[in-house]
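Worksheet: the structure to be examined is printed underneath.
All of the numbers you see were taken from the coordinates with simple rules; none came from a lab. This is a predicted model, so every value here is computed, not measured. We place every Cβ from the backbone using ideal geometry, glycine too, and count neighbours over all the protein chains shown.
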Amino acid sequence: MQQDTIFDKIIRKEIPADIVYEDDVVMAIKDINPQGPIHVLVLPKNKVTGFDRIEEMGAVEAGKYIIAISKVAEKLNLKDGYRIVFNVGKHGQQTVPYIHAHIIGGRQMGWPPG
Ligand code: 5GP
């Protein structure tokens, strides 16, 4: 039984979020604690707990999700580029066990990441 997370509640619209894009595949919301001028989270409506479980979505749904992330990034108009991050597990500092892509942009990124 999967844990009911804050993102499950946001997807069900039980709690509010600043939704920047939604279709039948994904919901994209502004991160509540942005790490850049633009910080959007892309959540698939077909939930798995993390990027390490993406195979459970099936290839077609996973492909739709990845393409949707790209389309959301395009809509954000980040002409100088952006970063996409999937945090996974303890070392990845994943805090919410509902797969989500971070799209962060609007500033110069550094490498290596912290
Ligand atoms: P993680 O650390 O799991 O990769 O990322 C979780 C992200 O969700 C964090 O960047 C955090 O700021 C964001 N977050 C946590 N709770 C909420 C919330 O209630 N609403 C929104 N919009 N973002 C949240």
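Report note on the peptides 86-95, 3-12: ranked by the mean count of other C-beta atoms within 10 Å, highest first, their order is 3-12, 86-95. Each 5 Å bin, from zero up to the one with the longest distance, holds this percent of the alpha carbon pairs of the chain: 2, 12, 22, 25, 21, 13, 4, 0, 0. The residue list Gly81, Val60, Ile15 was ranked by how far each Cα lies along the charge dipole of the chain toward its positive end, using unit charges on Cβ atoms, and Gly81 comes out on top. Around the amide H of Tyr21, modelled in the peptide plane, lie the amide H atoms of Ala28, all under 5 Å away and 5 or more residues distant in sequence or on another chain.
Going by the alpha-carbon gyration tensor, a ≥ b ≥ c the square roots of its eigenvalues, is the range 35-100 rounded (a/c under 1.5) or, if a/c is not under 1.5, prolate (a/b greater than b/c) versus oblate? Taking the square roots of the gyration eigenvalues as a ≥ b ≥ c, the range 35-100 is oblate.
For the chain, the Cβ-based charge dipole about the Cα centre amounts to some 260 debye (Lys, Arg positive; Asp, Glu negative; other atoms uncharged).
Here the Karplus curve 6.51 cos²θ - 1.76 cosθ + 1.60, taken at θ = phi - 60°, turns the phi angles of the range 107-113 into couplings of 8, 6, 8, x, 8, x, x Hz, with x standing for Gly and Pro.
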